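The values are calculated or read from the model by the stated rules, or taken from the named source; none is laboratory data. Because the structure is a prediction, the values reported are computed rather than measured. With ideal geometry, Cβ positions are generated from the backbone for all residues, glycine too; neighbour counts draw on all protein chains shown.
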Amino acid sequence: MEKLGKLKRMLASGTIDRREFMGRALAAGATVALASTLASGTLKAATPKKGGRLRVAITGGGSGDVLDPAQTLDSYMINVSFGQLRNNLTEIAPNGDLIGELAESWDASSDAATWTFKLRKGVEFHNGKTLDADDVVASINHHRGEDTKSAAKGIIAPIEDVKADGKDTVVFKLSGGSADFPYLISDYHLVICPAKDGGGMDWESGVGTGGYVLEKFDPGVRTSVNRNPNYWKEGRAHFDSIETLYIADVGARTSALKTDEIDVMSRVDLKTVNLLKRSSSIQVFKTTGNQHSTLPMDTRQAPYDNNHVRLALKYAIDREQWLKVILKGYGELGNDFPIGPANQFRATTDDIPQRAYDPDKAKHHLKQAGLDKLAVQLHVADTAFEGAVDAVTLYRETAKAAGIDLKIVREPNDGYWSNVWLKKPWCGSYWGGRPTEDWMFSQVYSEGADWNETFWSHERFNKLLVEARAELDQKKRRDLYVEMQRIVHDEGGAVIPLFMSYVHAARTRVQLPEQMASNWELDGHKQAERWWFA
């Protein structure tokens, strides 16, 4: 009966579906009648209900966090700003489809260079103001202009003009065709805030149209929010309140979950995940999408300005070892380009053969660079990606066979994304991936993009980026994106070892939907409005 009880909790949380529940229940000795009764009762009981205070422990934050969406850097503020306080014009659904959020519909001109969005009527901000087109224009313009510091600069660069056409219509004019523009506008930086009377948008107050209203914001520590009683999404935002805690240390997060000090934790320690699975009061679940680890090099600086050095470092890493030892199989091999398994135009291994650990090839490329050996520093912290410190320690050992002396510089978690990433010549990083190839390439690999973490510039790649963006023929578009992936694989400035599953843990009273989004961790960072308590 204890095993059947755990199966019921897994079914209720969405960890397994009804079919798998029936199979496991029968294998555990239940009759067909009993298994059917248990399944029906469990699914009926899984109907969302309101109430309770959800406590979430997450990493990817710091004392420098601010409520300005243009400056959102990592998981913590994505979860708070994008997942709790605010909404976008469009949204990625759990099944990966694009759906309307604050926009109820959108249309494009024949060349996909002009896009018209119709807004939902009657949506209110937390302060009682009714959403209108001026709020959208102010929110988008917040990220535009030559002097903008917005991390979304790369993806909105094609916007030449955005204007209101009445109260409920917004028109975007782009510099060229963009078939993916409605996807791009769902980026977590591009949340909609109320316009200020004197111009600009109000991000300072934390006011948005989201399911929760800001109560207290303590950067690098915790954020408290309360349910929005006037939330416009029917059947969403079930918790009375949410407390989001920044706990960088995975051991501390795990301990807090075990002792019932929190309800949910992100980034489970894969070295101890099997111990968590044994607990009858804890559920472990994963989603797999485009999240990947990277080791970006500043290609403007020696020795990383030499592509042979970059190739030597790519051949000196044992990805199979990382997948087995660090991820315990929760992921798949990376191949030094950032397009993941959930992307439509991802190159296959027939298109681009998998790069394997090969110290002899690494030595060859060092020789081509005029070097017999190489000594470099790699800056990293636990927050860089799952198992980062252990992973680069393995890398240091495999690199020795290629004549590479890899010195690991351990950095503090707090402030890592402000003080190390984009600052040090070589460091650890990770990306949640993006739903479209254009989005990923525009934001992280295009020349001049604020988040081009390798400061890489490639003339052919940048030309193809513009061409692929406007191409409506799917076969031609795929060919263009495969060529771009090949260029990044052969000449890019990042070692991309692995695509990593999101592995979470929660108390069993936390109820999960049958399908969860994989575009980000924690159900696409929408757990605040999609989950509930039993």
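Table for the structure above
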read-out	value
Residue in the range 494-502 that is surrounded by 24 or more Cβ atoms within 10 Å (Cβ to Cβ), at pLDDT 95 or above, small (Gly, Ala, Ser) and not assigned by TED's automatic domain parsing to the domain that holds Arg267 present	yes
Ala93 at pLDDT 95 or above and either under 12 Å from the mean Cα position of the chain (by Cα) or surrounded by fewer than 24 Cβ atoms within 10 Å (Cβ to Cβ) (or both)	no
Test: Ile78 is within 30 Å of Leu131 (Cβ to Cβ), at pLDDT 95 or above, crowded, with 18+ Cβ neighbours inside 10 Å and among the β-branched types (Val, Ile, Thr)	yes
Selected residue (criterion: farthest from Arg396 (Cα to Cα)) from residues of the range 360-373 that are among the aliphatic types (A, V, I, L, M) and surrounded by fewer than 20 Cβ atoms within 10 Å (Cβ to Cβ)	Ala369
Residue within the range 520-531 that is out of contact with any Leu (no Cβ under 8 Å at 6 or more places or on another chain), outside any helix (DSSP H, G or I) and hydrophobic (A, V, I, L, M, F, W, C) present	yes
Helices (runs of 4 or more DSSP H) fully within the range 326-443 counting 1 or more residues that are under 25 Å from Ser186 (Cβ atoms) and under 19 Å from the mean Cα position of the chain (by Cα)	416-419
Long-range neighbours under 8 Å by Cβ, at least six apart or interchain, first residue not assigned by TED's automatic domain parsing to the domain that holds Phe441 and of a type in the set (Asp, Glu) within the range 144-173, second surrounded by 15 or more Cβ atoms within 10 Å (Cβ to Cβ) and in a helix (DSSP H, G or I)	Asp165/Ala133; Asp168/Ala133
Filter result for Val420 (in contact with a Cys (Cβ under 6 Å, 6 or more places away or on another chain) and modelled with pLDDT of 95 or more)	yes
Total residues in the range 494-519, condition assigned to a loop (DSSP other than H, G, I, E, B) and more than 15 Å from Ser293 (Cβ to Cβ)	10
Subset of the range 111-140 [in a helix (DSSP H, G or I) and without any contact (Cβ under 8 Å) to a residue 40 or more places away in the chain]	Ala133
Count of residues meeting criterion [in contact with a strand residue (DSSP E or B) (Cβ under 8 Å, 6 or more places away or on another chain) and more than 18 Å from Trp106 (Cα to Cα)] in the range 174-209	10
Criterion: among the acidic types (Asp, Glu) and touching a Lys or Arg at 6+ places or on another chain (Cβ under 7 Å) - qualifying residue of Asp414, Asp450	Asp450
Scan of the range 340-375 for residues that are touching a residue at least 60 places away in the same chain (Cβ under 8 Å), acidic (Asp, Glu) and either touching an Asp or Glu at 6+ places or on another chain (Cβ under 6 Å) or under 18 Å from Ile317 (Cα atoms) (or both), ordered by number	none
Whichever residue in the range 163-183 is crowded, with 23+ Cβ neighbours inside 10 Å and of a type in the set (A, V, I, L, M, F, W, C) and, among such residues, is nearest to the chain's Cα centre (by Cα)	Phe181
Residue list for the range 302-325, filter: in a loop (DSSP other than H, G, I, E, B) and within 16 Å of Tyr357 (Cβ to Cβ)	Ala316, Ile317, Asp318
Test: residue in the range 110-117 that is surrounded by fewer than 22 Cβ atoms within 10 Å (Cβ to Cβ), touching a Leu at 6+ places or on another chain (Cβ under 7 Å) and within 30 Å of Asn226 (Cα to Cα)	no
Within the range 144-161, tally of residues that are surrounded by 20 or more Cβ atoms within 10 Å (Cβ to Cβ) and part of a loop (DSSP other than H, G, I, E, B)	4
Filtered residues of the range 269-285 (kept if over 21 Å from Ala534 (Cβ atoms) and crowded, with 18+ Cβ neighbours inside 10 Å)	Asp269, Leu270
Elements of type strands (runs of 3 or more DSSP E) contained in the range 225-301, each with 2 or more residues being closer than 30 Å to Gly448 by Cα	292-296
Options Ala506, Ala468, Ala517, Ala534: the member that is farther than 21 Å from Thr299 by Cβ, among the hydrophobic types (A, V, I, L, M, F, W, C) and surrounded by fewer than 20 Cβ atoms within 10 Å (Cβ to Cβ)	Ala534
